[in-house]
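The values are calculated or read from the model by the stated rules, or taken from the named source; none is laboratory data. None of these values were measured; they are calculated from a predicted model. Every residue, glycine among them, receives a Cβ derived from its backbone with ideal geometry; neighbour counts consider all protein chains shown.
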Amino acid sequence: MEVSKILTILAYSLLFIAIISFVFAIMYHYHFYWLSALSIYFFSFLGGFSIGQITVGLTFIPLILAIGHSFQWIKSQTQGLILMAAGCLIGLLSVVFIGNYIFYPLLWFI
């Protein structure tokens, strides 16, 4: 099997894990937000600098929600929606202004 096919399967598996863990975090327990954030980030990294640049901004949504639940800042759905909007805004601004540098922490380990 070619390396590109393996990486494609791995990338879409990470995307699937990210979506499922986000749903589990909403339905069951907020700890799944951490898994969702990591999965989206690694999917974005494997997606390269095409779709990866767009999807890396989505990492901040479950990350902000995980931080909000961990510090018990989210007590109602309204507060959760406010933090979700903040995650969208941070993700959008980081993609626009930071760009490819978001991937650099992961590149240090390679």
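Please verify whether segment 94-101 includes one or more residues that are among the polar types (S, T, N, Q), touching a Phe, Trp or Tyr at 6+ places or on another chain (Cβ under 9 Å) and part of a helix (DSSP H, G or I). Full working, then the answer.
Taking segment 94-101 as the starting set, the residues that turn out to be among the polar types (S, T, N, Q) are 94, 100.
Applying the additional criterion that residues be touching a Phe, Trp or Tyr at 6+ places or on another chain (Cβ under 9 Å) yields 94, 100.
This time we only want the ones that are part of a helix (DSSP H, G or I), so: 94, 100.
Yes: one or more hits.
Please enumerate the residues belonging to segment 88-107 that are surrounded by 12 or more Cβ atoms within 10 Å (Cβ to Cβ), at pLDDT 70 or above and aliphatic (A, V, I, L, M).
Correct list: LEU89, ILE90, LEU92, LEU93, VAL95, ILE98, ILE102.
Could you please give the count of residues in segment 1-14 that are surrounded by fewer than 18 Cβ atoms within 10 Å (Cβ to Cβ) and either in contact with a Ser or Thr (Cβ under 7 Å, 6 or more places away or on another chain) or among the hydrophobic types (A, V, I, L, M, F, W, C) (or both)? Walk me through how you get there before you give the answer.
Just the residues of segment 1-14 that are surrounded by fewer than 18 Cβ atoms within 10 Å (Cβ to Cβ), to begin with: 1-10, 12-13.
Right, trim to either in contact with a Ser or Thr (Cβ under 7 Å, 6 or more places away or on another chain) or among the hydrophobic types (A, V, I, L, M, F, W, C) (or both) and you get 1, 3, 6-7, 9-10.
Qualifying residue count for the region: 6.
Suppose the filter is over 27 Å from ILE9 (Cβ atoms), modelled with pLDDT of 90 or more and not in a loop (DSSP other than H, G, I, E, B); does LEU65 pass it?
Judged against the criteria, LEU65 is a match.
May I ask you to list the residues in segment 45-65 that are closer than 13 Å to TYR101 by Cα and buried (at least 22 other Cβ atoms within 10 Å of the Cβ)?
Across segment 45-65, the qualifying residues are VAL56, GLY57.
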